[in-house]
Structures are given as C-alpha cells and as structure tokens.
Amino acid sequence: MLFVLGAGSFAPGEQLTDELLRELGVSPDGPVNLQRPSTLNLELLRASRNSDLLQTVKAASPSCTDMGEQAARQAVERAGLTVDQIGLVIGDCATPVEVTPSEGQRIAGRLGLKVPAYDIYTTQGICPAHLSILSTWRKERLPRYTLCVSTNAPTQRIDYSHGSEGWMFADGASACVVSAEDMRGLELVWSRFSVDTARTSTFELDTLGHIRSHGIDAAAVRAQAGELFSALADDVRISEDLRKSMFFWSLADLPLQQDILQAAGGPLGEVINSHAEIGNMLGTSSLYQLAAHWGSFEDKQMIGVLVAEGSINYGGAVFRVRRGA
Amino acid sequence: MTYILGMGFARPENIIDNQFLEELNTGTTAQWIVEKIGIHTRKSTLPIEYIREHRNQDPRMGRRVALSSPTDLAVAAAEIALERAGISASDVGMIICNCCTPDYLSPSEGQRIAQRLGIRGLAYDVFSACPAFALHMDYLDNFSPDALPSYVLCISTATVSQRVNYNDRTDGAIWGDGAAAWIVSSRKTGRLKVLDTTFMADPTRCGAVIVNTLGHFQQDGRAVRDFSVRQTVRLIRSLEERFALDWKKDIFIGHQANRTMLQQIVDNREIPDESHWHNVETCGNQAGASSAIVLAEHWENLVAGRRIVVAVVGAGLSWGSVLLEVQ
C-alpha cells in the first residue's frame, strides 16, 4: 500500500503564447491557446531560435533544479511535513543541465538533505513509473517518507527555427511525498508501468542537440489506451467507482483522445488533458495537473492518471482519496 | 536471496598512454601521472589523432568522431553476461542502466540498450554515476522477490573520455571508457551470492563532481579524493565488523578512481596485494562500470567460498557496498 501525502507543482512565469510562436514561424501542431510556461529568455529566443544551445541554457531561468526544488517544497508542505523528514529522494529529468550528478541528488542537495538520492528515469516521470515501482518494494525498505520529483525544460531543447516542433512543449516540475506507513492523502489502489521497446519513442533528445518529435502513432495510442481501460475494467475493486472519477490523461491529439474515450463508452469519469491547457512537460506532465488540483478532491473520490501516448512507456495509476486531499 | 549469474564487460581499443598525454604539453608529465594517480594507460572511444589535434574542446565533435558509443559498449558487455549466465536476451524481464555520458537523453539509455538487444521487458535508468554497482544491487534488494522477473540485466556504461577537456593536465589522465553488465536473479541461484548491500549519499556536496550536459567533466579533486578514501575505509570497516572479514581469503574491489588512493585504502585496512583486485593502472577510471569490470574480469577464476567486498564512491556524492560470496 502506498499513499501520496502531498503533491506540488511549479511552472515558470514566462509563457510561449500562440502569438509568439507564430511570430517565430512555428505552425500549430495541436491545441491552441496553450499557456506553455517556459524558462527561456524570450529576447534571446527571438534572436536565436535556440540555435546555440549553450547560450540558451546559460540564459534560461529558472533551472530544472530550481523548479524541482519549488515543486518539492510545495509537496512537502502539503503533506504537512518538514523537509528533514524525507528519507529518500528519487528524481526524473530529461533535460538536465548536468548529466552528472543525478537530478535527484541536485534537488536533495538544495533541500539540505543527506539521504540516499538518485534518479529513476523512464521519461514517464513520477506517475505511474516511480509510484508503481515503489509500490512493489518491501515495506521495511521504504523510508517513512520518500520524495519523488520530476522536472523538465524541453523548450530549451527545441529548434524554433522551423516547422511545428515547438508548438506543444512547456517547462515545469511536479513532486510528491509518498509513504507506506503514514496512511492518508491519496491511496494508490492500482498502477501499471509498462515499457514496449518494440515501439519508437514519440520524441528523441540528443544529449548535445535538439528534440526531434516523431509524432503520435494513433494506432499505438488506441492499443495502449485499450489495454489500460481493459485492465481497469477487470479490477472489480475500482471499476464501478471509475465512472465518478477524475482522470488526468495528457495527449497532444485532442480529437484522437475524444474519439478513443467515446469509442470506449466512457470507462472513466471526467478526463483532464494538461497538454491541452499548459503544453507538454514530458515526464512532469503526468503529475503536474494532479498537483495543480490538490485540495479540490472529495473524500473517497477516485483520481487517476493515464500515460498513453503511443510511445515506449505507458501506464497508469488510480488513487482513492482518504481524508481529503 | 539474490545471486549474480553472469558478468561481462567491454572496453574500446584505443589506448591513451602517459607519454601521449605528456606530449600534449598541458604541463603534465608521465612521471607525475604515475606518482600522483598511478595510472599508466586508459582506453578511449576517441581517435588518438583527434585528441592530439582538437583536445576535445567541442564534445559535439568528439561524439561525431567517436569509434563507439556507451550503448555499443553496453550491448557488447551484456552479450557476454548473458552467455556466462547461460540465458538469452529474451529471458531477461527487466533492464536497469546507469550511464553518466548518454548520447541521448531520451529514450533512456536502458531502453536504447533493450531495443538493441531485443529485450521486451521493463527497461529504465537507475542512476548515480560511479557507485552504480552498489546502487543497482541495493535498489534490487528493495523489491519483494515476486515483484522482480527471473532475470534482471544491470548495466553501467560510460564514455567519459568524450567529456574530457584534453587541455586540462589532470582530467585527461584519469578517465577511461568502458561498460559492465551483470545478470541478477532473486529466483535462480548463481555464481555469486549477495550477502549485503548498502547505498547512501550526501547530496549537499553534489557539486564536487559534475559532467555538464553540453560540456565537460569537472571536479574538486582534493575534496573528492579525501572523501573517496575516507568513505571507502568506512564502508570496509563496517563490513569487517559485521561479517568478520578475513583478508587472507576475502577480496576487496574499490572504485577504480586512481591507484594511489586505492593503495591508501588497502594500507589502512591491511589488505594484502593478492586480496586486492584492480585494473585502474591500465584502464583508467571507468566511472560506474569500473568496479564491476574488475569483478567481471575475474569471473572465470572465482574460487568457491571466497567473499568479495565491492566498496564504491563517487558523484552525488554517493557511496555504497556489496558483499558477495562465491558459490
């Protein structure tokens, strides 16, 4: 049994608006009127389109570690804890400023912690990857409180000089505090973390270069969503309650998502698509909107997160709210 | 109980010797290198002429001309580990990988290796740079036994020479490239039984060792050296107290950072030469792969009943240990 005691999020203040992207020559490749929070220096962006990555990263603010630290502190505060109660920090970051040390270690260092810290990196982020993994640990091996943090700044790695590459991406961080002993908040009642290496990732990021998107494979999304819906329907403990649930499922192709949900006959309750509001924050997205809604969940409500984008990683998590979160 | 069923390693062919480094005229000499860090040669994925001409000032150029990648080395190491474990890639249910110099940030290195090997199970990165062997073994010890597949492939791979500024008189002398792979099972018995694992960190000091994503390796050499010796000694002492180690029979493998540091450690713990396995003097610091490569090199001549201490330290700052018993 695993509980999410508090979840936090952080997004930078600057935004890449539709108008700005059109000004840069980026054509729409997804929903419009997105917020797209970004760490980019907009003046430099207009001048360089991110052609010089060193210059871009140097001028960007806040850093991934800055954002991760803020999200982490919010998660800890919402959990009603202090930072020194954290016994393990697990990080996730696809756009680190330094490939060594791990992002988890950098964030733990910022928090003043001297505890085990490392990255579990899947590009899927905290939810469901970290949570699914932690839920299979022996209870005695899990510290009383574990902090999971995902932080990404993909806008720093977009070549804004052509095409539609930059339309969807945004920067931000999300974090949560989990416990197997302190039983309150969101109880993890179902999770699945799957990797299909036969698939192509929806994007590739060269360590020394820019993001290259491969687009969304609609058939793959349908297959993954179908598999997850079946698994959810088969779990009699939760299947009935899911119709009254709040689900977070970020997918850049809104019409495809609506088509899949309609075809499935509504296995889920309300579905919130964070890509359609704030953009694609890579692995951060899966928990970002859940954290942004923290405090609005009703007792005993079912909350879910789905990751089904037709990429290598997919999965989901379902929580039952305990004592309000 | 957890076992290691097979281990493999891979290194590139190009040898950087101390004479070559002296001829780069960065202010170092072959004699200084041997006296201070005890390394004679190291293996690199970079062409020698490229280093001579360009000093790897721009890592992008280094990447373009590199003769192999961390993924290439990892796949080669994994194939040996699989063969020694007597299994095929399709038997592997999970891969975890550590790589401090990935060519790609996405997909993860573990997933890229899985794709190359045709492995269809879970694949992701569990990362803490140099103490990877201890981290992975301690990480796997967290799981309920039935939560792990029969065979887990662990990999640590790095091509740090591609992130070295060869105008720096010290960094070029330290690093070599390499990959190690090992097959772990909590359901099948194997050659090495895992008796104990630890992993710990002090992230408040994580700035002491860095690899800039778009640049080069940097470290606070003195601080890291002091930490490395002290922490390794503590790790060994803890195991000595808990397991009554006997250095006449048991073996020590440390992080292969430099030979003079390792000598300080073995002198402190009175570990005789024949009980100390190492390869740093010919291979350089192979980052998270280094200690596992030493163990893999000895795979064919492991003697039943002997215990092996692997005590490793590194970036993060993090450290850990694994105590193994040869079956």
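The values are calculated or read from the model by the stated rules, or taken from the named source; none is laboratory data. Bear in mind the structure is a predicted one, so any value in this text is a computation, not a measurement. Here Cβ is always computed from backbone atoms with ideal geometry, including for glycine, and neighbour counts include all displayed protein chains.
Some notes on this structure:
- Scope the stretch A:27-47; condition under 17 Å from the mean Cα position of the chain (by Cα) and of a type in the set (A, V, I, L, M, F, W, C); matching residues: A:34
- Residues (aliphatic (A, V, I, L, M) and over 15 Å from residue B:312 (Cα atoms)) located in the stretch B:132-167: B:140, B:147, B:148, B:152, B:153, B:155, B:158, B:160, B:164
- At least 3 residues being at the interface with chain A (Cβ under 7 Å from one of its Cβ atoms) and either free of Cβ contacts under 8 Å to residues at least 40 places away in the same chain or touching a Lys or Arg at 6+ places or on another chain (Cβ under 8 Å) (or both) is the threshold, and among the strands (runs of 3 or more DSSP E) wholly inside the stretch B:119-225 those reaching it are B:122-127.
- Screening the candidates B:147, B:158, B:223, B:181 for the property of being within 18 Å of the chain's Cα centre (by Cα), of a type in the set (Gly, Ala, Ser) and farther than 22 Å from residue B:64 by Cα yields one hit, B:181.
- Odd one out for residue A:48, checked against (1) at the interface with chain B (Cβ under 10 Å from one of its Cβ atoms); (2) without any contact (Cβ under 8 Å) to a residue 12 or more places away in the chain; (3) surrounded by fewer than 24 Cβ atoms within 10 Å (Cβ to Cβ); (4) in contact with a helix residue (DSSP H, G or I) (Cβ under 7 Å, 6 or more places away or on another chain): (1)
- Verdict on residue B:327 being of a type outside the set (A, V, I, L, M, F, W, C) and within 15 Å of the chain's Cα centre (by Cα): no
- Tally of residues being farther than 23 Å from residue B:317 by Cα and outside any helix (DSSP H, G or I) across the stretch B:280-299: 1
- Criterion violated by residue A:316 - all others in (1) closer than 18 Å to residue A:171 by Cα; (2) of a type outside the set (Phe, Trp, Tyr); (3) surrounded by 24 or more Cβ atoms within 10 Å (Cβ to Cβ) satisfied: (1)
- Of all residues making up the stretch A:1-45, the number that are in contact (Cβ under 8 Å) with a residue 24 or more places away in the chain and assigned to a strand (DSSP E or B): 10
- Residue selected from the stretch B:54-68 under the condition assigned to a helix (DSSP H, G or I) and over 22 Å from the mean Cα position of the chain (by Cα), by the criterion nearest to residue A:208 (Cα to Cα): B:60
- Within the span defined as the stretch B:89-97, one or more residues are in contact (Cβ under 8 Å) with a residue 24 or more places away in the chain, part of a helix (DSSP H, G or I) and either among the polar types (S, T, N, Q) or in contact with a strand residue (DSSP E or B) (Cβ under 7 Å, 6 or more places away or on another chain) (or both).
- The condition of being under 20 Å from the mean Cα position of the chain (by Cα) and farther than 30 Å from residue B:33 by Cβ does not hold for residue B:174.
- The single condition among (1) within 14 Å of another protein chain (Cβ to nearest Cβ); (2) touching a Gly at 6+ places or on another chain (Cβ under 9 Å) that residue A:210 does not satisfy is (2).
- Beta carbons closer than 6 Å, at least 6 apart along the sequence or on distinct chains, pair a first residue in the stretch A:287-314 that is more than 17 Å from residue A:130 (Cβ to Cβ) and modelled with pLDDT under 95 with a second that is hydroxyl-bearing (Ser, Thr, Tyr) and buried (at least 24 other Cβ atoms within 10 Å of the Cβ) for A:292/A:9; A:308/A:314.
- The stretch A:105-137, subset of a type in the set (Gly, Ala, Ser) and not in a strand (DSSP E or B), residue surrounded by the most Cβ atoms within 10 Å (Cβ to Cβ): A:108
- Looking only at residues of the stretch B:226-257 that are under 21 Å from residue B:304 (Cα atoms) and without any contact (Cβ under 8 Å) to a residue 40 or more places away in the chain, we find that the one that is surrounded by the most Cβ atoms within 10 Å (Cβ to Cβ) is B:247.
- Elements of type strands (runs of 3 or more DSSP E) contained in the stretch B:1-53, each with 3 or more residues being under 23 Å from the mean Cα position of the chain (by Cα) and not aliphatic (A, V, I, L, M): B:3-10, B:41-44
- Test: residue in the stretch A:169-192 that is in a strand (DSSP E or B), within 14 Å of another protein chain (Cβ to nearest Cβ), closer than 18 Å to residue A:97 by Cβ and not hydroxyl-bearing (Ser, Thr, Tyr): yes
- Checklist (1) of a type in the set (S, T, N, Q); (2) in a helix (DSSP H, G or I); (3) at the interface with chain A (Cβ under 9 Å from one of its Cβ atoms) applied to residue B:71, failing item: (3)
- Evaluation of residue B:80 against the conditions (1) of a type outside the set (Gly, Ala, Ser); (2) buried (at least 24 other Cβ atoms within 10 Å of the Cβ); (3) touching a strand residue (DSSP E or B) at 6+ places or on another chain (Cβ under 6 Å) shows that the sole unmet condition is (2).
- Selection within the stretch A:60-104: residues that are in contact (Cβ under 8 Å) with a residue 60 or more places away in the chain, part of a loop (DSSP other than H, G, I, E, B) and more than 9 Å from every other protein chain (Cβ to nearest Cβ). The member of this set that is nearest to the chain's Cα centre (by Cα) is A:63.
- Looking only at the stretch A:138-164, and only at residues there that are polar (S, T, N, Q) and assigned to a loop (DSSP other than H, G, I, E, B), the one that is nearest to residue A:304 (Cα to Cα): A:164
- The criterion of at least 1 residues that are over 29 Å from residue A:183 (Cα atoms) is met by the following helices (runs of 4 or more DSSP H) wholly inside the stretch A:217-325: A:218-234, A:254-263.
- Pick from the stretch A:225-259, criterion surrounded by fewer than 13 Cβ atoms within 10 Å (Cβ to Cβ) and not charged (D, E, K, R), ranking: farthest from residue A:127 (Cα to Cα): A:255
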